[in-house]
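A.B. asks: Provided herewith is a single structure, encoded as structure tokens, for subsequent inquiry.
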Amino acid sequence: MSEVLSPCGGYETLEAVLKTGTDAVYLGSRNFSARASAHNFDEGELERAVYECHKRGVKLYQAINTLVTDDELPLLVSELQTACKLGIDGIITQDLCLPVIVRECCPDLPIHASTQMTVHTAAGVEAVKSLGFCRAVLSRELPKGVIASLAKMGIETEVFVHGALCMSVSGQCYMSAVIGQRSANRGMCAQACRLPASAVKGSERYDLSLKDMSYIPFLKEIEDMGVTSLKIEGRMKRPEYVAAAANACSDALSGKAPDIGLLSDVFSRDGFTDGYYFGKTGSSMFGTRTKENVKAANEAFPKIHELYRTQHKYAAISFSLYAHEGEAAKLTACDNNGISVTVTGDTVQTALKRPLDERYVTAQLSKLGDTIYEPAAVSADLSESAMIPASALNAMRREACALLDDKRAAANTNVCAFSHCEPERRSHKKQPSGLRVFISRAEQLGGVDMSAVSMVCVPPEMALTALDMGLPADKLAVVGDRFTFDEAAEISRIRAAKDAGINRLIATNIAHIMIAKELGMSVSADFGLNITNSLSAGVLADMGAGDITLSFELKTGKLKQISSPVPVGVFAYGRLPLMLTANCPLKQAVGCKGCKGELYDRTGRAFKVKCSKQKGYVELLNSDVLVMSDKLIDLDFADFLSLYFTDETQERVGKVIAAYKNGTALDEKNMTRGLYYRGII
């Protein structure tokens, strides 16, 4: 059976969803939560939440899913220690430092690979398995065929089935950070995708705003695939939203018809979409929140309150009463899992009028009201004239239920052992700085001064062209696709490049580390792996990465703190990627023929759209170009600098490389220093 996994941004939502009924919840504490703007839970609330969940047999997973910097590692260790002490059922995380700390400090604590790790292929699943993750939370963009195949790989899988869709692949959105210093990877997303953005200059459109997803009509099908967990998005949503979604999921799994209309009323962006599930992207997936949507929600809330006006029943309880005059009354309560408690009451009296009978006892003990229990069998061993006042019998029932709550909570709470640790941060001997260039178009290769660069990185389909132009194979690398729906085809392209003599793969996601190992290639970890601390750098090195490009979301001072056992580089030139999306904002708006390769925001700024439509994704790039050629002293900690070219001419490529070789300024009209000096909030 798949679990229904509900979001809880605060205690009020937790209470609502537990009354409605769910199998598991996920929430964040006040630290390291990817929904930093939610109320979240302090330690006292978290302890209470664990008790309330576990007495019901509900799992509680804690999201510690922001990227971590070196100076935050002690706080992270403390956070994990608290999770172990409280008996949290699992940690959801994207930072690769977590497996290291858990392995050394608390190896029995389950960890789940967050959707922000961009796990969407078989090699990606194998990668997180190798790191000790017991569950992979799959990317939301996957069609049902891919979901079904990944669910058979010997690891728990979790799939989002209802809630908001980010325009960008999770973990690969930097728009909020680059534009407003609020990093989605640090829990501070400003939802820039919900603002006006248009494929038509001067027109107010919302070409980055997707409708909410809903796969609820297909939950039985997804369950039959072997998916472990059916996840509802919504830690920023109201209690009514979560309660309605959890109830609809439960109905769908039990064969009842879920009330999709009520769900749409409580919150939607002009309806729902199942486009990714069926592999049908396009304009039908886009939508915004309208006045009509808001009005419908206000009318729906009273109906939804009825869902959690009374307590959902999580267990059946059987009672056995022993009542003989002159002896203490005893009441045993046993749930359907065999957990039992016995309470002792007052001495049983002799009835003056009407003695106890089994029918009366059954009626009194079945009054379970707002408890989490429903009545099952009641048996009674009664002497002929035994009498217990109704008030005393009710008190024994209440005490038995309370003790059973405690015993069930204890039985469902696995307190993990924790040994304080300080995982080793390893470093390497700094190597002379080199220039690494990333080429998008074949004609740009003519502008590359091979004497000035240490590596030229090209798409696999450009590998033979680069070799034919005389570029040496030992200075060439192929760049893996940032997202793929056909990993076998991608591996075939990479293998062809290897067979031609190119032996290095640039890993744009964690799957490529495994692919490189399978093909016997050297591998370099690119910026998409979001490395922000020393321990994560060490993990990639241990997996086989020969060098690492660090996250461009950090200030230079934070980057300098990172110790790595292998060389490190930085994104030093180019249009910073803002979004990686499987749904082209331009195609859905104007079609490929009308595409100008640009998206315009409400201020008129033009953002380049880099098309890889034959691979199933596009990239939204910044309107300004990152230039650091005259600030190289501030990047002196790096072993190499990466220059990313998109639409530059051959001549411009040559000028940029020369500027970085000589440390001189570039005449760039729209220039930015990125986040290297501003940092993120």
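The values are calculated or read from the model by the stated rules, or taken from the named source; none is laboratory data. Small disclaimer: the values here were computed from a predicted structure and weren't measured. Backbone-built Cβ (ideal geometry, glycine too); neighbour counts: all protein chains shown.
A.B. asks: Would you tally the residues in the range 495-505 being surrounded by 24 or more Cβ atoms within 10 Å (Cβ to Cβ) and not small (G, A, S)?
C.D. replies: 2
A.B. asks: Mind checking whether some residue in the range 546-563 is under 30 Å from G501 (Cβ atoms), among the polar types (S, T, N, Q) and modelled with pLDDT of 95 or more?
C.D. replies: yes
A.B. asks: May I ask you to say which residue of R135, R103 is more than 19 Å from the chain's Cα centre (by Cα) and surrounded by fewer than 24 Cβ atoms within 10 Å (Cβ to Cβ)?
C.D. replies: From the options R135, R103, the qualifying one is R103.
A.B. asks: Consider only pairs whose beta carbons are under 9 Å apart and that are at least six residues apart or on different chains; among these, list those whose first residue lies in the range 351-365 and is in contact (Cβ under 8 Å) with a residue 24 or more places away in the chain and whose second residue is in a helix (DSSP H, G or I) and of a type in the set (A, V, I, L, M).
C.D. replies: Pairs that qualify, where the first residue is in contact (Cβ under 8 Å) with a residue 24 or more places away in the chain and the partner is in a helix (DSSP H, G or I) and of a type in the set (A, V, I, L, M), are L356/L393; V361/L393; Q364/A390; Q364/L393; L365/L393; L365/M396; L365/A400.
A.B. asks: Select from the range 302-327 the residues that are of a type in the set (V, I, T) and at pLDDT below 90 and list them in ascending order.
C.D. replies: Matches in the range 302-327: I304 only.
A.B. asks: Filter the range 140-173 for residues that are of a type outside the set (G, A, S) and not in a loop (DSSP other than H, G, I, E, B) and give the result.
C.D. replies: K144, V146, I147, L150, E156, T157, E158, V159, F160, V161, H162
A.B. asks: Moving on to the next point. If we scan the range 590-613, do we find a residue that is of a type in the set (G, A, S) and assigned by TED's automatic domain parsing to the domain that holds V458?
C.D. replies: Among the residues of the range 590-613, not one is of a type in the set (G, A, S) and assigned by TED's automatic domain parsing to the domain that holds V458, which makes the answer no.
A.B. asks: Just one of the numbered conditions (1) out of contact with any Lys or Arg (no Cβ under 7 Å at 6 or more places or on another chain); (2) farther than 29 Å from R495 by Cα is not true of S534; which one?
C.D. replies: So S534 meets the others, but not (1).
A.B. asks: If the Cβ limit is 8 Å and pairs must be 6+ apart or interchain, which residue in the range 261-281 that is modelled with pLDDT of 95 or more pairs with which residue that is assigned to a loop (DSSP other than H, G, I, E, B) and of a type in the set (S, T, Y)?
C.D. replies: Here the result reads D274/Y215; G275/T281; Y277/Y215, each pair linking the range 261-281 to a residue that is assigned to a loop (DSSP other than H, G, I, E, B) and of a type in the set (S, T, Y).
A.B. asks: Which of the residues spanning the range 330-377 are more than 20 Å from Q311 (Cβ to Cβ), part of a strand (DSSP E or B) and β-branched (V, I, T)?
C.D. replies: The answer is T332, T342, V343, T344, T347, T350.
A.B. asks: Only one of (1) over 30 Å from T82 (Cα atoms); (2) touching a helix residue (DSSP H, G or I) at 6+ places or on another chain (Cβ under 8 Å); (3) part of a loop (DSSP other than H, G, I, E, B) fails for S176. Which number is that?
C.D. replies: (3)
A.B. asks: Something else: Go through S37, S33 for me and flag whichever is modelled with pLDDT under 95 and closer than 19 Å to T532 by Cα.
C.D. replies: None of the other options fit; the residue is S33.
A.B. asks: A further question follows. Going by what's in this entry, would E399 be described as more than 30 Å from Y51 (Cβ to Cβ) and either β-branched (V, I, T) or surrounded by fewer than 19 Cβ atoms within 10 Å (Cβ to Cβ) (or both)?
C.D. replies: Answer is no for this residue.
A.B. asks: Is there any pair with a first residue in the range 294-307 that is more than 14 Å from T20 (Cα to Cα) and a second that is of a type in the set (V, I, T) whose Cβ atoms are under 7 Å apart and which are 6 or more apart or on different chains, and what are they?
C.D. replies: A297/V266; A300/V266
A.B. asks: Does G226 fit the bill of being surrounded by fewer than 21 Cβ atoms within 10 Å (Cβ to Cβ) and under 20 Å from the mean Cα position of the chain (by Cα)?
C.D. replies: Answer is yes for this residue.
A.B. asks: Now a separate question. If you take the residues in the range 108-123 that are touching a residue at least 60 places away in the same chain (Cβ under 8 Å), of a type outside the set (A, V, I, L, M, F, W, C) and under 19 Å from I222 (Cβ atoms), which one is surrounded by the fewest Cβ atoms within 10 Å (Cβ to Cβ)?
C.D. replies: H120
A.B. asks: Additional query: Before we move on, is V68 within 23 Å of S139 (Cβ to Cβ), in a loop (DSSP other than H, G, I, E, B) and at pLDDT 95 or above?
C.D. replies: Taking the combined requirement at face value, the residue satisfies it.
A.B. asks: Same structure, new question: Output the helices (runs of 4 or more DSSP H) that fall wholly within the range 209-267 and possess 1 or more residues being closer than 23 Å to E15 by Cα, or say none.
C.D. replies: 239-253, 260-266
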